[in-house]
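Reviewing the structure listed below.
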Amino acid sequence: MNATSAATASAVTFVWLGMVLAISFLEAPLKFRAPGVSVRIGLGIGRLVFRALNIVECVLATAVVVAVAAGDAPARIVGCTVAAVVLLVGQLAVLRPRLNRRSDRVLAGEDLPRSRGHLFYVAFEAAKVVALLGLGVTLLAV
């Protein structure tokens, strides 16, 4: 893999990783602990924040894919890239629509039990963190 593509993909990967860690594992759980933040308000804020995060993730994922493709990357880098992108697509295409339908109901005033769907989302996020970390470290070793 050429040095420019590896450096670009590595930088973008670590930015992507940092955003996922900061939003998903720091901001998201903490907002519900703030005084005066109800579940409805937290969901409203979360939807806005995650919509923005997911848009940025798509841009970053595209940049990583382009850099990896342009750099004639070895299979281990391609594998980590594919894993991260597949996890993101799964979140956007499968999990987010279900979570959005449920949060629509909560925001409309329905009193629903805690969502197990969020646990799947968190599992995908954790797996994506592992994939991005593996990708970033592998790219640094090139």
Checking L21 against (1) over 19 Å from L92 (Cβ atoms); (2) open to solvent by 40 Å² or more (accessible area, probe 1.4 Å): exactly one of these is not met. Which one? (1)
Being at pLDDT 95 or above and surrounded by 14 or more Cβ atoms within 10 Å (Cβ to Cβ) narrows it down to one of V39, V137, V65, so name that one. V65
In segment 86-108, which residue that is open to solvent by 40 Å² or more (accessible area, probe 1.4 Å) and touching a residue at least 24 places away in the same chain (Cβ under 8 Å) is nearest to R47 (Cα to Cα)? N100
Out of curiosity, is R114 assigned to a helix (DSSP H, G or I), modelled with pLDDT under 95 and open to solvent by 40 Å² or more (accessible area, probe 1.4 Å)? no
Which pairs do you get when a residue that is farther than 16 Å from A61 by Cα, found in segment 11-39, comes within reach of a residue that is surrounded by 14 or more Cβ atoms within 10 Å (Cβ to Cβ) and at pLDDT 95 or above, reach meaning Cβ atoms under 7 angstrom, with the pair 6+ apart or on two chains? I23/V49; I23/L53; S24/E125; E27/V49
Residue under question is A69, and the condition is that it be touching a Ser or Thr at 6+ places or on another chain (Cβ under 8 Å) and aliphatic (A, V, I, L, M); does it hold? no
Scan segment 109-129 and report the pairs whose first residue is farther than 26 Å from V89 by Cβ and free of Cβ contacts under 8 Å to residues at least 60 places away in the same chain and whose second residue is part of a helix (DSSP H, G or I) and open to solvent by 70 Å² or more (accessible area, probe 1.4 Å), with Cβ atoms within less than 8 Å and a gap of 6+ or a chain change. L112/R105
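The values are calculated or read from the model by the stated rules, or taken from the named source; none is laboratory data. Note that the structure is predicted; figures quoted are calculated from it, not measured. No Cβ is skipped: glycine too gets one built from the backbone with ideal geometry, and neighbour counts run over all protein chains shown. We work out accessible area using only protein heavy atoms, side chains counted, and drop any ligands, DNA or RNA first. Shrake-Rupley method; radii C 1.70, N 1.55, O 1.52, S 1.80 Å.
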